[in-house]
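Here's the structure we're looking at; comments come further down.
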Amino acid sequence: MIPGIRGTRDILPAEVGRWQQVERVARAVCERYGYAEVRTPVIEREELFAKGTGESTDIVQKEMYAFTDKGGERITLRPEATPSMVRAFVEHSLEQALPFAKLYSLGPMFRYERPQKGRYRQFHQLDVEVFCIADPAVDGEVIEMASAFVAELGITVAELVINSVGCEACRPRFSAALVEALGARLSELCGDCQRRARTNPLRIFDCKVPADQPIIDALPHSEDYLCEACRVHFDEVKRHLDAYGLLYRVSHRLVRGLDYYTRTTFEILGAGLGAQNALLGGGRYDHLVKRLGGPDRAGIGFAAGLERLVLALPEGAGDANVADAFVVAIGEASWPAARMLARDLRRAGLTALIDYDGHSSKSQMKRANRSGARRMLILGEDELARQQVTIKEMETGHQHTVARDQVTAELTKLRR
Ligand code: AMP
């Protein structure tokens, strides 16, 4: 046996109903808010993420599945969706093609991380992006939609956390303040933080090393260093969230692990998920489209982790559908008619199971029991001769006979 790769998972039949439920609600909510679906490739040029996600991020420095392909090109499995969505938006001039540049996508992402519960090397995201609108009303609507999505799944939310990381005008001042506040204590932080202090001091807030936390907790807050325009924007975002009746906490530590964020950042945390409790996270990225070679357009979006949503889904959500009927053929001669019966049920939109020739009626009934089908449709010589079918309700054991040409109508009625 050749085992699967560490950090990857098979989504098995017992769980797949929960996945389908999450995907169904994701699509339905996105469509209701006016988003159009886009499907981009899993492989992209490595430079898309080096430029987009950012050279100083852990994702680009340590976690990409990057390789040289047979043609000598540097390729990577995508670690996140946003740069691909921006690329597709620019490459296909979607700004002209759509009434609103609101896009969503569902699919696998790849990061070479240390696997644990809720963290995998292949995982799946719902990705949502809005381009071209800088108004804080969009931030409000995007966050409201993210909350509505999680609520519609019946998931208990621990909290909505927001922050503003400022813009290119005010962030340098904040970065300098961080380095200054650290002063001599910088040498007490972990190696990663010392590197971050040189390349991108905001990243220090991503540090998970316990010994570093007291020092990091005492650092200045980005909110206190916002320029006037960023402060007004952040106040407006909060006003929109208040108007929607959403409860939130402002956390100065929410800078998120990607380089491109400007102004608003947010996360929704799930209850009872342990250390990996971020269900979704996102923010505004007003310079990314231009940085990736497109026109100067604003952007905002979020990505939700489907594995974590599936974990957080309430018990019983997305349970597998049980079959309407299991067709049982008694005697060699009944098989052709039994197969036609199963075909007619399926064509009528009913779920029908049937065994294959050569199985005794006893083994068929055993399998029917194991399948959990609601009822057995029995076709033996008597039934064949009279053009009838015997219907046995599995729950009660009750049996009755109906005419062959009435079976689909009868089962469709019973389904309602
Ligand atoms: P990010 O793309 O890092 O902003 O993450 C957005 C969301 O994707 C997180 O809130 C998680 O729900 C999910 N996520 C990120 N990385 C992983 C991973 N390695 N395994 C599972 N889910 C992840």
Check your understanding: If you go through the range 252-274 one residue at a time, how many are in a loop (DSSP other than H, G, I, E, B), within 12 Å of the ligand (Cβ to nearest atom) and out of contact with any Ser or Thr (no Cβ under 9 Å at 6 or more places or on another chain)?
Key -> 2
Review point. For the range 351-385, how many residues meet the condition of being of a type in the set (Val, Ile, Thr) and either touching a Cys at 6+ places or on another chain (Cβ under 7 Å) or crowded, with 20+ Cβ neighbours inside 10 Å (or both)?
Key: 2
Review point. Taking into account only those residues within the range 232-251 that are of a type in the set (Lys, Arg) and surrounded by fewer than 17 Cβ atoms within 10 Å (Cβ to Cβ), which is nearest to the ligand (Cβ to nearest atom)?
Key: Arg249
Check your understanding: Leu309 passes all but one of (1) surrounded by 18 or more Cβ atoms within 10 Å (Cβ to Cβ); (2) within 44 Å of the chain's Cα centre (by Cα); (3) away from the ligand (no atom under 16 Å from the Cβ); which number fails?
Key -> (3)
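Of all residues in the range 125-146, count the ones that are within 15 Å of the ligand (Cβ to nearest atom), under 26 Å from Glu44 (Cβ atoms) and either open to solvent by 40 Å² or more (accessible area, probe 1.4 Å) or not in a strand (DSSP E or B) (or both).
Qualifying residue count, the range 125-146: 2.
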Check your understanding: In the range 71-122, how many residues are among the hydroxyl-bearing types (Ser, Thr, Tyr) and more than 19 Å from Pro41 (Cβ to Cβ)?
Key -> 2
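In the range 55-78, what residues are in contact (Cβ under 8 Å) with a residue 40 or more places away in the chain and within 11 Å of the ligand (Cβ to nearest atom)? Spell out the reasoning first.
Initial filter on the range 55-78 (in contact (Cβ under 8 Å) with a residue 40 or more places away in the chain): 55-59, 62-65.
Thr57, Asp58, Ile59, Glu63, listed by residue number.
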Check your understanding: In the set Ala275, Ala271, Ala304, Ala243, which member is in contact (Cβ under 8 Å) with a residue 40 or more places away in the chain, in the same structural domain as Gln61 (by TED's automatic domain parsing) and over 24 Å from the mean Cα position of the chain (by Cα)?
Key -> Ala243
Point to revise | Leu341 being modelled with pLDDT of 95 or more, within 16 Å of the ligand (Cβ to nearest atom) and either more than 15 Å from Arg374 (Cα to Cα) or open to solvent by 60 Å² or more (accessible area, probe 1.4 Å) (or both) | key: no
Review point. Given the conditions (1) more than 16 Å from the ligand (Cβ to nearest atom); (2) surrounded by 11 or more Cβ atoms within 10 Å (Cβ to Cβ); (3) of a type in the set (Gly, Ala, Ser), and given that Ala81 satisfies all but one, which numbered condition is not satisfied?
Key: (1)
Review point. Within the range 213-226, is there a residue that is at negative phi, open to solvent by 60 Å² or more (accessible area, probe 1.4 Å) and either touching a Ser or Thr at 6+ places or on another chain (Cβ under 8 Å) or within 16 Å of the ligand (Cβ to nearest atom) (or both)?
Key: yes
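Please specify each residue of the range 57-89 satisfying the condition of being of a type in the set (D, E, K, R) and more than 25 Å from Ala101 (Cβ to Cβ). Walk me through how you get there before you give the answer.
At the first step, the residues of the range 57-89 found to be of a type in the set (D, E, K, R) are 58, 62-63, 69-70, 73-74, 78, 80, 87.
Passing the criteria: Asp58, Lys62, Glu63, Asp69, Lys70, Glu73, Arg74.
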Practice item. Go through the range 79-96 and give me each residue that's among the polar types (S, T, N, Q) and within 17 Å of the chain's Cα centre (by Cα). Key: Thr82, Ser84
Revision key, fill the gap. Expected output for the range 32-47 (first residue more than 19 Å from Glu95 (Cβ to Cβ), partner modelled with pLDDT of 95 or more and β-branched (Val, Ile, Thr), Cβ below 9 Å, 6+ apart or cross-chain) is Ile43/Ile75; Ile43/Thr76; Glu44/Ile75; Glu44/Thr76; Arg45/Ile75; Arg45/Thr76; Glu46/Ile75; Glu46/Thr76
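The values are calculated or read from the model by the stated rules, or taken from the named source; none is laboratory data. Owing to the predicted nature of the structure, the values given are computational and were not obtained by experimental measurement. Backbone-built Cβ (ideal geometry, glycine too); neighbour counts: all protein chains shown. To get the accessible areas, we keep the full protein, side chains included, count just its heavy atoms, and leave off ligands, DNA and RNA. Shrake-Rupley method; radii C 1.70, N 1.55, O 1.52, S 1.80 Å.
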